[in-house]
Structures are given as C-alpha cells and as structure tokens.
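Please read the structure below before turning to the comments.
All of the numbers you see were taken from the coordinates with simple rules; none came from a lab. Quantities reported herein were computed from a predicted structural model and do not represent experimental measurements. All Cβ positions, glycine included, derive from the backbone under ideal geometry; neighbour counts span all protein chains shown.
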Amino acid sequence: MVKKYFIKTFGCQMNVYDSNRMAVMLEEMGLKKTQNQRDADVVIFNTCHIREKAAEKVFSDLGRAYLIKQEREIDGKDTIIGVTGCVVQAEDKEILKRAPYVDFALGPLRYFRLKEVVEEVFNEREKQLLDTEFSAVSKFDFLPENKSESGCSYLAIQEGCNNFCTYCVVPYTRGVEVSRPVEDVLHEARRLVQTGSLELNLLGQNVNSYHGEDASGRERNLAYLLNKIAEIDGLQRIRYTTSYPADVDDDLIRCHKEISKLMPYLHLPIQSGSDAILKKMNRRHTRDDYLRVVDKLKEANPNIGMSSDFIVGFPGETDEDFQQTLDVVNRVKYIQAFSFKYSRRPGTPAAVMDGQIEEKVKKERLQILQDLLFSYQTKFNKDSVGKVMSVLFENKGRHKGQLVGRTPYMQNLHAEADSSLLNKIVDVRVTDASTNSLSGEVL
Ligand code: SAH
Ligand code: SF4
Ligand code: F3S
C-alpha cells in the first residue's frame, strides 16, 4: 500500500516554505499527502518557538499524535512521528525527553536529511534520531528541486538573523544570516514559475539584508535580485518579507517605484513606537528613522499599504511608551498588522530584564492597540468596496462554487467563481468588506 504523510506547520512563512520542501522530499520517496492525521504513516510537526504559547502547543499535539499512533498499532499500522523546526533547535535533547515516543527530531537547518532519516527509522525502528547541528553547510545545496504547489509560492532567499533583538529567539534557532547565491535563487524562481506560480514571495528572517553572490562572486543586494526576478516571463506578482527597517536602502525604495510586478504592500515591523523601548529591544532604528522610511516608500509609490508587527508590554514599557506606539499607528494607518503580548523567552536578554509587565496590563494594552489597528484595517477594506482589484485565487472557499484569493494588498477575498479560475489572476469588483475579508464579483 502507498504510504501517506501528514505535516502540521506552526509559525512563520519560512516554516511553511520548509514544510513544502519536506513534502517534495517525501513525495520523491513515494509517499502521498493526506489531510487526515489518522491515515498518515509519517506525521511531522514543523514547530515554532517564537512565543511560549506557540512552543507549548506542540506538546499537546504530540501527545495526541502518540494516542493515534497507539490506535493505529491495534490495526497493525506503524506510525513514524517526527518533529522539525525551531522548537527542536531550542529544546535539543529535552524534546526527546519530554516526548519519548518521537522517532526523529531535525533542526530547521538540518531537514535536508529527511529522506535518509525517515528511511532509517522505517528500516530499524529503534533509536530516536536527533540532529540539531548548527552547520556551516547550506541546507539548500542538499534539497531536491522545488516545485510549485499553487499559483503563489514562497521562496527562501536568506535565512537566519544577526540582529539579536533582546526578546527574540530566532538568532538562536535559525542561526546567523546566510544569503543564497543569486543564481540559485533565480533557478528556483524560474522553476516555480514554470510549474505554475504567478506570484513569488521572497522570504528571509531579515530579507532586505540579502547579500548573495552573483556568478562572478560579487555581492548583490535585494534590489538587484528583485530586478532580476521581475524579468522572469510569466511571473506576475512579487513580494518580499520580512524586512528590517534599518536595512531599507534607497535602491530598495526605488524598486517600489520602478518594478510594476512588485505588489504595493510592505510588511515592515516597528515593534514599538517608543525610542526608549526600541533601544532596550536592541532595534537599530528610532521611531523617526522608521517614519522617514515609510515616507520615502510612500513617495516612491503613493499607493503602497503598510503592515507591521507590534509587541506590547515589553519590560519597562510605561503608559507613555505605549501611547507612542498608538501614535505611530495613527500616523502610518496600517492596512494590516500583527500584534502580540511580550512573551518571556528563556535565554534571551529581555527575559531577565527588570520591569516585567503584569499580564493584566499587557492584555489591556493589546486590546487597545488591536482595536485601533482593526479600525484602520476595516476602513481600508471598506474603502475597497466598488473598486476593481486583481485577485489571485489560491483556494476553494467554504461554500460550494466559491474561491478564495488575495488582492495586491494581501486582503482575503472570496467570490463565486468556477474552479477553473483556481491559481489564476482575475479582475474582481469588490462588493462587500469586513475587518478580515472582502467579497466580490468576478468580472
Ligand atoms: N524577522 C522578523 C520577524 C520575527 S518573528 C522581524 O524582525 O520582524 C515575528 C514577530 O514575532 C516579531 O516581529 C515580533 O513582533 C514577534 N515576537 C518575536 N519575539 C517575541 C516575543 N518574545 N514575545 C512576543 N512577540 C514576539
Ligand atoms: Fe528576531 Fe529581531 Fe531578527 Fe526579527 S530582526 S528575527 S525580531 S532578532
Ligand atoms: Fe517561529 Fe522559527 Fe519562524 S521561531 S516565527 S518558526 S523562524
């Protein structure tokens, strides 16, 4: 019988990308994807360590996976349980102690070994395999060629982070910044377009510090790469994420004026609007630096919509500091944003700072911030009503005959549409809007 695999992904887009690449490897081994965990012979949890809640959720999922494994055993079926991603890197041997039924655990830089590891476990079914080496080798050199799953694909061009924001685990889980060579990125981009992608989203933990080498060994920046990628025939939309404000240079800003395939939307996290907090966070930008970058981007493309990440309740954050964050929101008028209560992460400098904020205060501030963010997001969506927008349909909707896609501004839009329009870009007139989605009529 054909063996099946099930992958559950937590965390950021980089993890989604990694999961897709693991799926390609498993398919090359002859396994087929299933959405039903109970049918799966190989179950993988690709984990995230960014906040405590995300990291802890994995263990309840793992516990459930073990129960399913035992039930399947009664029917004579074997199940391999694997864990990958940032929790593995952070917890190392502890993960196997806490979940002794896990068959293998691979860090985010080591999953290129997946085929060999799954084979070993299938054949020997004995020891718990763990690999969290923080290697200098680039995993990308060992992965099979990528292929597109839908009209819109992620493409990792850079991994790791040297910024060491004092609250963040990423530099410890993904390691130092590594940029993939220009030619490798272009090769993968062309293949993704050839296999059906109309949109590419270039990924990196600090994507705009990209400095990959070209064929002659010269270091090139993100702006150079974006221009090269824009030349690919058949590719219609380009995005990149996540950018670090201090690394937005004038070349990159010019791209937003000159590259028509570049979508008019940018996720540029500020985290806090207070200079005192930004300093304690070890961010290399002030509030004014950030606002200047936003002004320049809006000058380059007046239609650009901004998005951001925010953390409330960072150690030492006063009401005054928090007010400054609200003030930035009122200035930039984000069309979308992600906001979080500060979560104390073991091993990071902020976890042991004085002035930790009470949960109650964090909760109140988050509510106030989100109400404000949602008001701008709702207004932007409502202002879209009546407009014609190009939509890339990516999925079937909840109701029959419905497709769901994204506008250039990353708004979710659903419309009555024939399934032949799946993975196509079509003009849609927006007819209705709420905080989180739009509906429309295909023209
Ligand atoms: N590289 C990106 C994103 C990293 S993680 C960047 O620099 O912006 C995504 C978001 O999670 C961050 O932007 C931050 O807002 C949030 N985050 C990271 N660590 C956190 C913590 N300890 N508590 C709460 N939110 C956190
Ligand atoms: Fe984390 Fe800061 Fe790096 Fe983003 S820039 S990944 S928040 S350390
Ligand atoms: Fe989470 Fe790792 Fe991404 S900690 S946010 S999965 S880089």
The simple spin-label model distance between E124 and M410, using points 7 Å out along Cα→Cβ, in nm, is 4.3 nm
Here the relative contact order (percent) of the range 359-443, from C-alpha pairs under 8 Å and at least 6 apart, is 29 percent
The rounded separation in angstrom of the Cα centers of the range 156-193 and the range 269-295 is 23 Å
Computed about the Cα centre, the charge dipole of the range 267-421 from +1 Lys/Arg and -1 Asp/Glu charges at the Cβ has a magnitude in debye, to the nearest 20, of 400 debye
Measuring from its Cα centre, the chain shows a charge dipole (+1 at each Lys and Arg Cβ, -1 at each Asp and Glu Cβ) which, in debye to the nearest 20, is 840 debye
Under the 7 Å Cα-to-Cβ spin-label approximation, R64 and K396 lie apart by a distance in nanometres of 2.3 nm
Excluding residues fewer than 8 positions from K4 in its own chain, the lysines with Cα under 20 Å of it are K32, K33, K69, K77, K115, K147
Around N301 (Cβ within 11 Å, Cβ-to-Cβ, excluding N301; K/R +1, D/E -1) the net charge comes to +2
Checked against the positive end of the charge dipole of the range 92-167 (+1 on Cβ of Lys and Arg, -1 on Cβ of Asp and Glu, about the Cα centre), the farthest of V121, V102, F140 is V102
Any lysines whose Cα falls less than 27 Å from that of K387, other than same-chain ones fewer than 8 residues away, would be K257, K261, K296, K298, K333, K379, K396, K400, K424
Lys and Arg at +1, Asp and Glu at -1: neighbours of N227 with Cβ under 13 Å from its Cβ sum to +1
Residue separation between Y101 and N162 times 0.36 nm, minus their alpha-carbon distance, gives in nm 18.5 nm
Residue separation between D75 and S419 times 0.36 nm, minus their alpha-carbon distance, gives in nm 120.1 nm
P(r) over all Cα-Cα pairs of the chain, 20 Å bins from 0 to the longest distance, whole percent per bin, short to long, reads 23, 57, 20, 0
Placing each pseudo-label 7 Å from Cα in the direction of the beta carbon, E299 and Q35 end up separated by a distance in nanometres of 4.8 nm
The range 1-135: spread of alpha-carbon positions along the three principal axes, whole Å, largest first, is 38, 28, 27
Cα-Cα pairs in the range 383-443 separated by more than 17 Å, as a whole percent of all pairs, come to 24 percent
Residues whose built amide H sits under 5 Å from the amide H of Q402, excluding neighbours closer than 5 in sequence, are G397, A417
In terms of the charge dipole of the chain, which places +1 on Lys and Arg and -1 on Asp and Glu at the beta carbon, the residue among G440, A189, H49 farthest towards the positive end is G440
Over all pairs of different Cα atoms in the range 230-343, the reciprocal of the mean inverse distance gives a Kirkwood radius in Å of 14.9 Å
Per the 1/(1 + (r/R0)^6) rule, R0 = 25 Å and r from the Cβ atoms of A54 and S135, FRET efficiency to 0.05 is 0.50
Computed over the range 202-284, the convex hull of the Cα set has an average projected area, in nm², of 6.4 nm²
Cα gyration tensor of the range 119-266 diagonalised, 5x eigenvalues square-rooted, in angstrom largest first, produces semi-axes 29, 21, 14
Note to self: C-alpha centroids of the range 22-50 and the range 242-262 sit apart, in Å, by 36 Å
Computed for the range 86-148: size of charge dipole around the Cα centre, +1 on C-beta of each Lys and Arg, -1 on C-beta of each Asp and Glu, debye to nearest 20, value 160 debye
In vacuo Debye sum over C-alpha of the range 325-376, base-10 log of normalised intensity I(q)/I(0) at q = 0.14, 0.24, 0.28 Å⁻¹, listed in q order, is -0.46, -0.92, -1.05
